[in-house]
Each structure stands twice: as C-alpha cells, then as structure tokens.
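Readers should treat all values here as calculations from the given coordinates under stated rules, not as data from a laboratory. The shown structure was predicted, so the numbers you read here are calculated from the model rather than taken from an experiment. Please note: Cβ atoms are built from the backbone with ideal geometry, for glycine as well, and neighbour counts cover all protein chains shown.
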There are 2 protein chains.
Amino acid sequence: MSGQPKGWEAIRAEVLRRIRARDWAPGEAIPNEADLAAEFGCARATVNRALRDLAAAGVLERRRKAGTRVALHPVRKATLDIPVTRAEVEARGQSYSFRLLQSEMALPPVPVALKLGLAPGSRLLHLRTLHLADGKPFLHEDRWLNPAALPQPLPDFAAISANEWLVTHVAYTSGDIAFSAENASDAEAAILGLPKGTALFVTERSTWSEAQPITAVRLAHAPGYRLHTLV
Amino acid sequence: MSGQPKGWEAIRAEVLRRIRARDWAPGEAIPNEADLAAEFGCARATVNRALRDLAAAGVLERRRKAGTRVALHPVRKATLDIPVTRAEVEARGQSYSFRLLQSEMALPPVPVALKLGLAPGSRLLHLRTLHLADGKPFLHEDRWLNPAALPQPLPDFAAISANEWLVTHVAYTSGDIAFSAENASDAEAAILGLPKGTALFVTERSTWSEAQPITAVRLAHAPGYRLHTLV
DNA sequence: GAGTGGTCTAGACCACCAA
DNA sequence: TGGTGGTCTAGACCACTCC
C-alpha cells in the first residue's frame, strides 16, 4: 500500500530499488504478481510487464509455480549495436570508402566450410575488402559468400560493399558473432599499414537464412577500435 | 485473412517472413497495428507485442503517427551474457582459483578518475587479481573501487573476489562496457606468462549505483578468449 | 493437484508527432 | 489535429512444474 508507482517502468524501478536496498536479497523469492498488483494498485499485466523486463535483464529468475526470485548470479546482459561499416565510419564524422582487394571463386579453408556446414569441395565466392576512414585503413574484411543461397544476379562488389548488399537483398534470419583479439600476421599488417604483431580486434560472423548458409566473414579492426556498450 | 498464426511469437514469425520475402521491403511502411490485428484475427495488443519485439531487435522502426517501417539499416543488436569469471571458468569444466596480487589505497590514474567522475586527489582501493583456470593464468583484473560508495565493512578480497562480492552486496544500477584489443605490456605479459606483445582481449567496465561511482575495472584475457554471441 | 507465470482479449485513454 | 503506437485494465484460460 505504499506510494503507487505509475506505469510499468515505475514498477520496475520500485522493484529494482527494493532489490538494491536488499529488502529482497539475492536468491530470495519475491511476492507473486497478483500480490504485487494489489500492493501497487494496478493490473497484474502491468506487474508482469515490469517483472518480465527485469527477468530479461538477468535481475530476476522466474519459473511457473516456483515463483520469482532475485537472481543469485546476475549475468550481466549487454546489448551491442553492430552497425554497417559505412554508418560506423560516417558516425565518426569521417569519410568512408573501400577497396575490393580480391573477388574469386575458391575453396574455403576447412574451418570456414565446417562452420557453414558445407560439403567439402564446395566452392564459394571469396571477397577481401579494405575499408577506409578518411582514406586510412580502418578494417580488413575477409568474406566467404555462398552463391547458391543468394538471389541472382550478384552485383558488382567493387561498387557496393557486400555487407550493404546483403543487408538489403538477403533477409537476415540467424547467425552468431564472436569477438577476439589476434596479433596481425605479416600479410594483414601490410594491408592495414601496421607493424607486424599489432593487436587487432577481430569480429567473426556467420549468417544463415532459412537454414541455408549465407556468409562467413572475419573483420580485423585497426588499433583504436572499441566496441562500446551503454547498459 | 491468411492462415491465422497463434500467439505473438507466431505473429512475429509471420511478419519476419514477409520482410524476408520482401513483401515488405526495407524502408517501406507496414500496415498499422489495428489492420494487422484484423488480418490475423487477434487483439491489437498481441500484434503490438510482436512488433515491439521486432523493433527492439532492430528489424522495425516505429514512431507514433508515422507508423511502422522496415528498418533501412538493420543495426544488428547482439546480446551478450557476461558471467562472473568463476562461472565462466567452471562452465568450461575447468577449476577456478585466483590470486590477489595487490590491495592498497592509492591515487587512481587520471583516466580512471575522469571516467568515474571523481575529484582529483580522491584515493581509491586498488586491487589487482590474477584469475586462473586449472591453475593457468586466465585473466588479469585491474580494479579501482570507491570505498565511499560501498557498504562497510569491506571483506577480505583475498578470500572472495571483488566481482562476486560486488554482485551480491551492491546493487547494479548502470554502467558501460567497452571491448578492445591491446598488445600486452612487459608487466602484463609477465603476469599472464605470455610473450611480450601478445594480443590481449580487453574488457573495460565502469559501474555506478545511484549516481555514485562504484568501480572501474580492466580485464585482460589470455589468448584464446572469445566473446561469443548467439543471435 | 494446485499455484504460478505466460498469454490473450476487448476496450479504453493518452502521448506523440507528421501532415 | 487526427492517426498512430504505448500503455493500462479486468478478466480469462492455459502451460508448466513443484509439492
């Protein structure tokens, strides 16, 4: 019967406050939705919305019948925005350009074929692209495309970057992304104009559409790149 | 009047299918909620739930009065789980341990003080910890803690890792996370038992609770570390 | 079996903002 | 200023799962 928060965001804030204040300690069950709705003087659906949101953020754990508990190990969930490279460069106020270094049908390396679940011997389109910000190397992209799963005809990838074409011509269904750090090889260092061994921030992505493998790509970012998240 | 999907997830799937099929092209407006509800034979709230979810995923853009459009530049939003280090190591089936290398009050470097918004001259608790997986260096943690914002008494950080203690004793309110790649310094390479210059995956996090700065931490991961996301 | 969260409905009011 | 999404309500049924 305390002060009555207005709206589901206010309820979420109040629940968070109680958790912070340790009124409800980690591992402990909190009142059920019906009771909270009565206390806050709102409909159960409103409480549900607030608690669902906190559960999605990893703050609460909910199970039917078992009720709602304060998460013991609040797995921090962070959401990243992964923009198209052009947008990323332009958002920094720099001019974007790119150079297609290579475009040819080839046999992908085994790890790539495995990751995409392709039969050995399948040939893919291999694209290597250097993306530039204000004319300086920004990102080296090494991409394998599965033409069998793409709408035809394919464009001229020297004129439009593969990423932008895919975004508008292939529906994104699912994929996975991994981030890691690697020392630049001789070849990659040369491409990016860096000393050999420079630490590179590497993004690897593979994408499927309707269970068909579309593309596997490795992005090696020049030093200074930071993937940033506001939580 | 097509086949009637059941439930908001089915509606989300159907909308996604139409976007993938380019029935609704990028940049194009889709019917409003009321019309879709009529078509699908469900309540508007159900359509709303589905479209809100797609908007949160970056697939749709919604504005009052302007309606709902297929996103032109589908900013990929990836959600990362960032577990406590102990859980992360144990999830690999390895045994977790850690060694406190340093614990002392000290003046933080300027960038740390700035990031936390502290007055120059504020002294913080400086902790350096080596986390081990199966006895091998896994992660070097360099942490600055603001005792003024923490519940007293502070624990023995040689017995419980700062991360685990914070998780259960300080409510998480907000913070930001950044990822980058760095070449290991001599000192850090020695601590991690690596050659100098090895590429390290670095996570930097700062955390506030109720507008009070709690902690700034830099985590340097040994090679092989990958931050992985299923989308 | 029974309690809990998950979802749906039909209707309503409101905030926002492009026309 | 009217159309659109955002939200809330009161009630209902269902799915899951702990006891």
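Taking GluC sites (Glu not before Pro) across region A:174-231, the ones in a DSSP loop with at most 16 further Cβ atoms lying within 10 angstrom of their Cβ are A:E210.
So what's Rg/Rh here for region B:54-95, counting alpha carbon atoms and using the Kirkwood radius for Rh?
1.38
Evaluated at q = 0.10, 0.11, 0.22 Å⁻¹, a Debye calculation over the C-alpha positions of region B:47-155 (equal weights, vacuum) places log10 I(q)/I(0) at -0.60, -0.68, -1.13. Taking a sphere under 10 Å around the Cβ of B:G27 and counting the other residues whose Cβ falls inside, with K and R at +1 and D and E at -1, yields a net charge of -1.
Once both labels are positioned 7 Å from their Cα atoms along Cα-to-Cβ, the gap between A:R22 and B:Q212 label points is 1.3 nm. Taking the alpha-carbon centroid of each part, what is the distance from region B:1-69 to region A:13-31 in angstrom? Each part reduced to its Cα centre gives a spacing of 35 Å. Charged neighbours of B:L130, selected by a Cβ distance under 10 Å, balance to +1 (K, R count +1; D, E count -1). Mind grabbing the base-10 log of I(q)/I(0) for region B:76-125 at q = 0.14, 0.15, 0.21 Å⁻¹? Debye formula, identical points on the C-alpha positions, no solvent, two decimal places. With one equal scatterer per Cα and no solvent, log10 I(q)/I(0) is -0.68, -0.74, -0.82.
Each Cα pair under 8 Å and six or more residues apart adds its separation to the average, and for chain A the resulting relative contact order is 15 percent.
Take A:P147, move 7 Å from Cα toward the beta carbon, and the resulting point lies 6.8 nm from the same point in each other copy, nearest first.
In summary, the protein assembly as shown shows an alpha-carbon radius of gyration equal to 1.09 times the 2.2 N^0.38 Å reference for compact globular proteins.
Of all the Cα-Cα pairs you can form in chain B, what percent are over 23 Å apart?
The proportion of pairs with Cα distances above 23 Å equals 61 percent.
All C-alpha to C-alpha distances of region A:7-70, sorted into 5 Å bins beginning at zero, yield P(r) values of 4, 20, 32, 30, 13, 1 percent in whole numbers. Taking max minus min of the alpha-carbon positions on each principal axis, region B:85-221 gives extents of 37, 28, 25 Å, largest first. Distances between copies of B:D134, taken at a point 7 Å out from Cα along the Cα→Cβ vector and listed shortest first: 4.6 nm.
B:V202 sits among other residues whose Cβ lies under 12 Å from its own Cβ, and their net charge, with Lys and Arg +1 and Asp and Glu -1, is -2. The chymotrypsin sites (Phe, Trp or Tyr not before Pro) of region A:98-183 include none that meets both criteria, a DSSP state outside H, G, I, E and B (loop) and at most 11 other C-beta atoms within 10 angstrom of the site's C-beta.
Placing a label point 7 Å from the Cα of B:G121 along the Cα-to-Cβ direction, the distances to the matching points in the other copies come to 7.7 nm, shortest first.
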